[in-house]
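First the structure, in the form of structure tokens, and then the observations on it.
What follows is calculated from the coordinates using simple rules that are stated; it is not laboratory data. Note that the coordinates shown come from a computational prediction; the quantities given were computed from them, not determined experimentally. Cβ: placed from backbone, ideal geometry, glycine included. Neighbour counts: every protein chain shown.
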Amino acid sequence: MEADSTGTTMAEKADAEMAENPFEPYIESFRQQLEDQDPVFLIGVIVALAVVVITCVFLKYFLTSKTVQSAVLLVGLCDSGKTLLFSRLLSGKFKRTQTSITDSSAPYKAKNDKGSIWTLIDLPGHDSLRHQYLEKFKSAARAIVFVVDSAIFQKEVRDVAEFLYVLLTDAVISRNSPALLVACNKQDITMAKSAKLIQQQLEKELNTLRVTRSAALSSQDGSVGGSLYLGKKGKDFEFSQLPIKVEFLECSVRGTKGEEGEADIESLEKSLAKL
């Protein structure tokens, strides 16, 4: 009786352990099989599994976190000449335009030996539209052509600087580092400012904006918030301080001979050919 009781107790104990860990027999069997295998074979299996895991992680990162930067964005204030520039770059022809209220896009073939093809996108310049369209396309930007009306730049310098400030402190643009080409348009007009003067005045205006914007954000929550700091702290702002390439160039989309003549955009086309 006592032996039967002991046997029953052991069986119950074994059943209880099995209930607590039902996979124990399988684990033990698998461990035994591993011990019986050739160590070289086991190392091969481990290496193969590691390669599969690393490949999956790489593919997930490459396919989901990378956006193809294949667009050239034309941005700027209203009436700066963006839409006519869009037409000139695509066909070389003069085209009467009006203020855009939506984006326009078309394939653009760069004038280089590689025959690079980018998607040229003309974004609306109106204050109520420009930011939402920039948000839509900024991730795909390989280059941003910021068109400036050189003839009335003195009147628009503050507005131009504010739009540029938004571009230059944007986290996505800073991370992707597209080339920034500031096209100083309407050089055929006598009162047009030179690219060098426009650059210098924009640096001064952006320096002032940096101070006022940082002060405004600090007064709200005691910090500078999520915006990127423009340039280098403790130094007056210069475009050379930026992590992206910035180039100022002069052009005349209309051309010196008006509608019948060719546009003077050769310097811009050369810069686009280097992308």
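For the pair V172 and L228, how long in nm is the line joining their label points, each one 7 Å along Cα→Cβ?
1.3 nm
Starting from the Cα of S194, step 7 Å along the direction of its Cβ; do the same at H126; then give the gap between the two resulting points in nm.
About 3.8 nm, to one decimal.
How far, in nm, would the chain grow between T256 and V53 when pulled straight, counting 0.36 nm per residue and subtracting the alpha carbon separation? Intermediate results must be reported in sequence, preceding the final value.
Details: separation 203, 0.36 × 203 = 73.08 nm, distance 6.16 nm.
Residue separation times 0.36 nm, minus the Cα-Cα distance, leaves 66.9 nm.
Put a dot 7 Å past each Cα toward the Cβ at K204 and K136; how far apart are the dots in nm?
Roughly 3.7 nm, to one decimal.
Hey, with R₀ at 51 Å, roughly what FRET efficiency would T102 and I46 work out to, going by the Cβ-Cβ distance, to 0.05? List each step's numbers first, then the result.
Details: r = 56 Å, r/R0 = 1.10.
Computed FRET efficiency for T102 and I46: 0.35.
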